[in-house]
1. Dipole size in debye (nearest 20) for the stretch 269-373 around its Cα centre, Lys and Arg Cβ +1, Asp and Glu Cβ -1?
2. Taking amide H positions as placed in the peptide plane 1.01 Å from N, state which residues far from Ile335 in sequence (5 or more) or on other chains have amide H under 5 Å from it.
3. Treating only the Cβ of Lys, Arg, Asp and Glu as charged (+1, +1, -1, -1), what charge dipole size does the stretch 503-584 show about its Cα centre? Round to the nearest 20 debye.
4. What are the residues whose amide H is under 5 Å from the amide H of Asn226, where those residues sit 5 or more places off or on another chain and H is modelled from the backbone?
5. Quick one: Karplus J couplings for the stretch 5-18, per residue in order, coefficients 6.51, -1.76, 1.60, θ = phi - 60°, nearest Hz, x for Gly and Pro?
6. List the residues, sorted by chain then number, that are 5 or more residues from Ile508 or on another chain and whose placed amide H is less than 5 Å from its amide H.
7. Students often check this: by mean Cβ neighbours within 10 Å, which of 505-515, 570-580 ranks highest, and how do the rest follow?
8. If you rank Asp485, Asp338, Asp392 by fewest surrounding Cβ atoms within 10 Å, what's the result?
Amino acid sequence: MTTLQPLDWIIVVGYFVIILGLAWWVIKQKQNTSTDYFLAGRHLGWFIVGASIFASNIGSEHLVGLAGSGATDGVAMAHYELHAWCLLVLGWVMVPFYMRSKVFTMPEFLERRFSPSARTILSAISLVAYVLTKIAVGIFAGGIVFSVLLPDMSLWGLDSFWLGSILVIVLTGLYTILGGLRAVVYTEALQTIILIFGSILVTIFGLHALGGWSALREIVGSEMFNLWKPLTPAGIESTWAPVLETSRMAWYFNDNYPWLGMLFCAPIIGLWYWTTDQYIVQRALGALNEKEARRGSIAAGFLKLLPVFIFIIPGMITFALASSGISPEIQQQLIGPDGELIRENAQRAFPLLVAYILPIGVRGIVVAGLLAALMSSLAGVFNASSTLFTMDFYSRFKPEASQQKLVWIGRVATAVMVLIGLIWIPVIKGSKGLYDYLQGVQSYLAPPIFVVFFLGVFWKRLNAKGCISALLTGFALGIFRLAVDTPVKLFNNFEYTHGSFLWIINNIFFQYYSLVIFIVSVVVMIVVSYMTEAPSYEKISGLTFGTVTDTHRKESRASWSVGDVVTSVSLVAIIVLIYLSFTG
């Protein structure tokens, strides 16, 4: 039986009408060139840039995965959300280099800094990463939402999970393929407003059903509000052990998040994602100028703080409603016969709160917000993927291709990426949780990319051979770990011999393995660079701190004001305040 009533359906249908109407208006605008299609003509203002960055980031992994982690482990995962400061690094440190280079893609920037081979390798790695993370995760989360809200829906032998996944793909892919980045960013700006408003309503009504903030803290306990203290049982002296063992799982924030890994690994992943990933940075590249790109990044930083309160807290509320018995319907789905939380069902936390706590009408608004997040996240990665394939592969092998041909190829590439993502869904379904899966894969693929971008910008002596060696070595280490992990996720009864080499690799905390990849990549890049010839500093003028000219500095300085500095400092102060507030 559906949990949506006629009024809810009217609101949801109205949402689709508005989104498709806005997309159609954008599609009717002339987009005859690759700049128009892939970068919205480089005419985006700061609000559109900021809202689009936020909407692209806040997608399925938050609605389903982050809320689920709130239900299982409290505010532990807020560490990743409080990396909003990384957006300041994007705006103040990396944007000047990106805007000066006038590139379409992040791999293209590596070509300017290092070599064409570096561009090709990063493009390939990025496309693999998008399939393994953003596309498949977005499709999977869409299915989860529909399976909760419309559990009895079926057609042609497909249940609500698969029907929901396919529906989200088709609708999102349609306006993304036709409208390009301009359609993506303008619909994302509207979807951001709907998402924030709807999620705030979920938090308000959830707390009301529970009896308020004090009731939440009383039911879930202080540990779920503690960002700092690992759950260390009596008699345990160390909390750094790199290998996960069942008897030691309680040493950490949860089964898979040791404090040492969170401290050192999480910032690496955050800086990779927010400052070097095509998926995010493409919005800044579409800005009118450096000033608009920087201000958009700052605005996105403030918006990025919201998930702690509109996703993690609702997940904790859902757990409290289930464990206390206040909501028998939610309790039946989340609490097992032994009285403990069923972890594999926790990723249903947010849609369960929507289905059983919200009143009619409000539920429709929030479902529209859920769909907005799912669609905006997928639309962003579809467009980023098509840009990478078209500009970094096709246009280089077919330099004579017309602008119209490039746009057509971008649309075809989007459709292909969708099909590949569908194939990967069974692997995600075998994982412990959506957010665990996402953070794990990103941790294996991100370190070498972070290394070549940041060392490349800050260290002018490093060259193309060092960059390529670091990318290939780091990527090989990451793929090796994924290959070792995949059979365990796919087959329920599969396990490696206890104590064997592959067992150790599979059981090392993913953060620690990620740090190994990072260290190896740094060493390889530096050693290989210094064993080979220095790059031409004239060729990389303006692309590293060591080759920035006085003219470059003056142009960059003219793009920011005291107000930009004040808002940036305010963002850092708010982040510190949140950290201090969540101390148990």
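1. Approximately 440 debye in magnitude.
2. It is Ile342, by chain and number.
3. 100
4. Val75, Gly584
5. Here the 3J(HN,Hα) series is 9, x, 4, 4, 5, 4, 5, 5, 4, x, 4, 4, 4, 5 Hz.
6. Long-range HN contacts for Ile508: Leu244.
7. Highest mean packing first, the order is 505-515, 570-580.
8. Least to most surrounded, the residues fall as Asp338, Asp485, Asp392.
Coordinate-derived values only; no laboratory data. Note that the structure is a prediction, hence the values are computed from the model and not measured. With ideal geometry, Cβ positions are generated from the backbone for all residues, glycine too; neighbour counts draw on all protein chains shown.
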